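Enquirer: Below is the structure I would like to discuss, written out as structure tokens.
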Amino acid sequence: MTERKGREAWPPELTELLRKVDRLRRSGRYTEALSRMRQLVETYPRQARVLLEMGLTLGIWGRDPAKALPWFERVLEMAPGHASAQLHRALALARLGRHAEAVADFDALEAVGFRKALVLHMKRAESLDVLGRLDAAERDWTLALDEDPGNPWLLHQRASVRERLGRLEEAVKDLTEALASQEGEEVDAELLRERGVLRERMGDSVGARADFEAGLSALRAGDPPELADDLRRRLQQVP
């Protein structure tokens, strides 16, 4: 078998072997998938894709970022700048609470024009938030919204950061835009409560009351009982 830049060329049979592993993972047969991956990494120890798939098996399907991390490291030792390995290392680091290291990986990916910009900005924003770098987190949520305009979840996240930055009017605007995309049973009572709280802080008692009332009307089966209690309490207390 020939080599390219110190790595073995891709064996054609590996494509189908990895497809079988993926089918096992997706069908919930994790133990069997992991067993097959262990065989593959022993047989093909210099195939970056095989090492990456081992990390993904452990990290995503096995929900064990600590065990997955060394496999992503091995890929990056073999192929520095491997984008997928660097992304998944960043995600594993974030899940392990190593947010500064995760941000460094996200920064490196951004510097080379990583094509999954939405994922990069979302996940880096979360790590930046944990690190208390709120201005940078707000910028990343904005960049994520550039990739997926009007996404109510992204708007909610940016509103949360803007509120903590003291930018209440902008936070209310984000929540209003998020709510505008929802109708009928899809209206989120929690978003209404949050907007009501912000409006009350801004001195808009009429708007706050309207949001708390609308929140009570929007409650759905499955919403936590404490949400309803909180909305009623806030409605009684609003001036």
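Read-outs: derived from the displayed coordinates by stated rules, not from any lab. Small disclaimer: the values here were computed from a predicted structure and weren't measured. Cβ placement follows ideal geometry from the backbone for every residue including glycine, while neighbour counts extend to all protein chains displayed.
Enquirer: Please build a GNM for the chain, connecting alpha carbons under 10 Å apart, and tell me which residue among D229, D22, D105 fluctuates the most.
Expert: D229
Enquirer: Same structure again: If you bin every alpha carbon distance in segment 20-148 into 5 Å steps from zero, what whole percent lands in each bin?
Expert: 2, 12, 19, 19, 18, 13, 10, 4, 2, 0
Enquirer: Work out, step by step, the length gained on full extension between T43 and E110: first 0.36 nm times the residue separation, then minus their alpha carbon distance; give nm to one decimal. Walk me through the numbers before you get to the answer.
Expert: On the way: separation 67, 0.36 × 67 = 24.12 nm, distance 3.39 nm.
Contour length minus the Cα-Cα distance gives 20.7 nm.
Enquirer: Under 1.5 on a/c is rounded, so check that first for segment 110-239, then, if it is not, pick prolate when a/b is larger than b/c and oblate when it is not; a ≥ b ≥ c are the square roots of the alpha carbon gyration tensor eigenvalues.
Expert: prolate
Enquirer: Moving on to the next point. Once you have the Cα-Cα distance between R23 and E77, take 0.36 nm times their residue separation minus that, and quote the gain in nm to one decimal.
Expert: Net length gain for the segment: 16.6 nm.
Enquirer: Give the order of W141, W10 when sorted by the count of other beta carbons within 10 angstrom, beginning with the fewest. Let's see the in-between values first.
Expert: Details: W141 26, W10 14.
Placing the least packed residue first, the sequence is W10, W141.
Enquirer: In whole Å, what three semi-axes, largest first, describe the equivalent ellipsoid of segment 158-229 built from its Cα gyration tensor (square root of 5 times each eigenvalue)? Walk me through the numbers on the way to the answer.
Expert: Values: eigenvalues 81, 35, 25 Å².
For segment 158-229, the ellipsoid semi-axes come out as 20, 13, 11 Å.
Enquirer: Mind checking which of S181, V161, W141 is farthest towards the positive end of segment 137-201's charge dipole, using Cβ charges of +1 (Lys, Arg) and -1 (Asp, Glu) about the Cα centre?
Expert: About the Cα centre, the residue reaching furthest to the positive side is V161.
Enquirer: Oh, and also: Answer with a single label: of (i) 17.5, 58; (ii) 21.0, 86; (iii) 23.1, 78, which was calculated as Rg and Dmax of the Cα atoms in Å from the structure in view?
Expert: Derived directly from the coordinates: (iii).
Enquirer: Follow-up question, since we're still on this one. Using only DSSP helix segments of four residues or longer, with each worth -39500 (n - 2.57), what per-residue ellipticity at 222 nm results for the chain after dividing by its residue count and rounding to 500?
Expert: Roughly -22500 deg cm²/dmol at 222 nm, from the helical runs in the chain.
Enquirer: Compute the length gained on full extension between E190 and K173: take 0.36 nm times their separation in residues and subtract their Cα-Cα distance, giving the result in nm to one decimal.
Expert: The E190-K173 span can extend by a further 4.6 nm.
Enquirer: Next up: Out of residues 5 or more away from L96 or on other chains, whose amide H comes under 5 Å of its own, with H placed 1.01 Å from N in the peptide plane?
Expert: none
Enquirer: When the convex hull of the Cα atoms of segment 1-81 is projected onto a plane and the area is averaged over all directions, what value comes out in nm²?
Expert: Convex hull of Cα atoms, orientation-averaged projection: 5.2 nm².
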